[in-house]
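The values are calculated or read from the model by the stated rules, or taken from the named source; none is laboratory data. For clarity, every value in this text was computed on a predicted model and none was experimentally measured. With ideal geometry, Cβ positions are generated from the backbone for all residues, glycine too; neighbour counts draw on all protein chains shown.
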Amino acid sequence: MSAADATAARDEEEDLHPTRSLDDTVHQRVRLGILTIAREAERVEFGFLKEQLALTDGNLSRHLKVLEESTLITLEKGYSGRRPRTWVSLTRDGAQALDAELRALRALVRRLETPRPAPGPPGT
């Protein structure tokens, strides 16, 4: 892609409403919570996510499955002592998707915080 094409594509992107850049898989409240908590830690245990996000086992499992199928997280099953455990880690794709989501949210906030000129009188 030429520099002119890249500039035109960027200008076209800037004209789009920031909500068009939100990813439904990432943006959903629970999944966004999972991704952000996983970003803060190298890996996070299922029970910790369940507690932090106030979810049932089944509800959390379903959201983890969606994220895993989208290659945004990996799940590692094992044991801590005699107790089975599941650990969640953010993948490179997951980190990139989270970064893109945060950029879209920042753009939305900037758009709302930027003063807009008052509309003129009707018919002008």
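With respect to (1) outside any helix (DSSP H, G or I); (2) closer than 18 Å to VAL26 by Cα, the lone exception for LEU49 is condition (1). Restricting attention to the range 26-54, the residues that are buried (at least 18 other Cβ atoms within 10 Å of the Cβ) and either touching a Ser or Thr at 6+ places or on another chain (Cβ under 7 Å) or without any contact (Cβ under 8 Å) to a residue 60 or more places away in the chain (or both) add up to 7.
Do the conditions hold for ARG85, that is, is it surrounded by 12 or more Cβ atoms within 10 Å (Cβ to Cβ), on the phi < 0 side of the Ramachandran plot, outside any helix (DSSP H, G or I) and of a type outside the set (A, V, I, L, M)?
Here the answer is yes, as ARG85 does meet what is asked.
Which of the numbered conditions does VAL109 fail, given that it passes all the others? Conditions: (1) surrounded by 12 or more Cβ atoms within 10 Å (Cβ to Cβ); (2) free of Cβ contacts under 8 Å to residues at least 24 places away in the same chain; (3) in a helix (DSSP H, G or I). Checking VAL109 against (1) surrounded by 12 or more Cβ atoms within 10 Å (Cβ to Cβ); (2) free of Cβ contacts under 8 Å to residues at least 24 places away in the same chain; (3) in a helix (DSSP H, G or I), the one that fails is (1). When the residues of the range 73-97 are filtered to those that are of a type in the set (Ser, Thr, Tyr) and more than 13 Å from the chain's Cα centre (by Cα), the one that is modelled with the lowest pLDDT is SER80. Residues in the range 91-118 that are within 18 Å of THR74 (Cα to Cα) and of a type outside the set (Gly, Ala, Ser): THR91, ARG92, ASP93, GLN96, LEU98, ASP99.
Out of the range 15-42, which residues are of a type outside the set (Gly, Ala, Ser) and touching a strand residue (DSSP E or B) at 6+ places or on another chain (Cβ under 8 Å)? Across the range 15-42, the qualifying residues are ILE34, LEU35, ILE37, ARG39, GLU42. Take SER70 and decide whether it is hydroxyl-bearing (Ser, Thr, Tyr) and over 15 Å from the mean Cα position of the chain (by Cα). When the stated conditions are applied, SER70 does not pass them.
Per-residue answers, yes or no, for (1) within 19 Å of ARG20 (Cβ to Cβ); (2) charged (D, E, K, R):
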{"site": "ILE73", "(1), (2)": "no, no"}
{"site": "ARG83", "(1), (2)": "no, yes"}
{"site": "ALA100", "(1), (2)": "yes, no"}
{"site": "PRO119", "(1), (2)": "no, no"}
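Please work out which one of (1) in contact with a Lys or Arg (Cβ under 7 Å, 6 or more places away or on another chain); (2) of a type outside the set (A, V, I, L, M); (3) part of a helix (DSSP H, G or I) is the condition ASP93 fails and give its number. The one condition ASP93 does not meet is (1).
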